[in-house]
Structures are given as structure tokens and as C-alpha cells.
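First the structure, then my questions, so here it is.
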């Protein structure tokens with residue numbers, strides 16, 4: 001699945017349900033979360049920002065865009081990084097990335 005958004009837009013919010021390798025939603029109780037995104041072929045992150053847990057027991061999270069996040073058109077890889085209450089870190093999706101496509105706008 002590819003998440004598509006127009007250049008400089010801040011809506012829609014990127015929402016996801018984080019699941020483990022068995023497909024079970026992860027428990028995010030007491031955790032913190034960040035969203036990372038980088039342009040395909042680049043090494044430097046274009047976004048490294050706090051995300052929001054919207055359903056701790058059901059693994060639901062979201063990231064609200066800022067205009068600077070979507071300023072440059074292109075194809076990006078995104079992921080959510082969870083830091084659990086015991087300080088362990090897990091990244092979702094567990095394999096691959098969230099495909100994000102920022103397309104040109106007319107104005």
C-alpha cells in the first residue's frame with residue numbers, strides 16, 4: 001500500500017495499526033513513538049518526529065504532517081519506531097517500509 005499526499009499538504013493524517021510478525025496488534029501501553037521518513041535513495045531522514053498513540057492496547061498510531069514534511073515531491077520510505085517502557089526499541093513495519101508518495105500540486 002502507498003500513502004499518497006500532495007506537496008505542502010498536512011492532511012490526511014497517516015494512521016496505522018502496528019502489528020508483530022504474527023499479525024497481532026502490539027500493546028503500546030507506556031511506550032513512546034516516532035515517525036521516520038527518508039527519500040528513496042537517500043541516507044538522511046527527511047522526517048524524524050514524535051507521533052501519537054491513539055489506541056495503546058490495539059497498536060493504533062498516527063502522524064500529523066507539517067507543511068515542511070511534504071514540501072519536496074518524491075517517493076519516500078517511512079516507519080514508526082516504538083520505545084517501550086523497558087527502553088527496548090522496535091520498528092514497524094517489521095520488514096519493508098511504509099511507501100509515501102508526495103506528488104506535485106498546481107499552486
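Using only the Cα atoms, what convex hull volume per residue in Å³ does region 1-44 have? Spell out each step's value before the answer.
On the way: hull volume 6.7 nm³, N = 44.
Enclosed volume per residue, from the Cα hull, is 152 Å³.
D for region 19-72, whole µm²/s, Stokes-Einstein with Kirkwood Rh over alpha-carbon pairs at 10 °C and 1.306 mPa s: what number?
On the way: Rh = 12.7 Å.
After rounding, the answer is 125 µm²/s.
Right, next: Would you kindly give the portion of the calculated P(r) for the chain that falls above 24 Å, as a percent of all Cα pairs?
Counting pairs separated by more than 24 Å, the tail of P(r) holds 23 percent.
Given the options 66, 87, 32, state which has the largest fluctuation in a GNM of the chain using a 10 Å cut-off (strictly under) for Cα springs.
87
Rank the residues 102, 73 as a footprinting-exposure proxy: fewest other Cβ atoms within 10 Å of their Cβ go first.
Numbers: 102 24, 73 14.
So the residues, fewest neighbours to most, are 73, 102.
Nearest 0.05, what FRET efficiency do residue 48 and residue 106 give at R0 = 41 Å with Cβ-Cβ as r?
Result of the calculation: an efficiency of 0.90.
If you average the sequence gap of Cα pairs under 8 Å that are 6 or more apart and divide by the length of the chain, what percent do you get for the contact order? Intermediate results must be reported in sequence, preceding the final value.
Details: 238 pairs, mean separation 39.2, N = 107.
Answer for the chain is 37 percent.
FYI, it's all coordinate maths here, none of it is from the lab. Being a predicted model, the structure only gives us computed values, none of them experimental. Note that we place each Cβ from the backbone using ideal geometry, even for glycine, and neighbour counts take in every protein chain shown.
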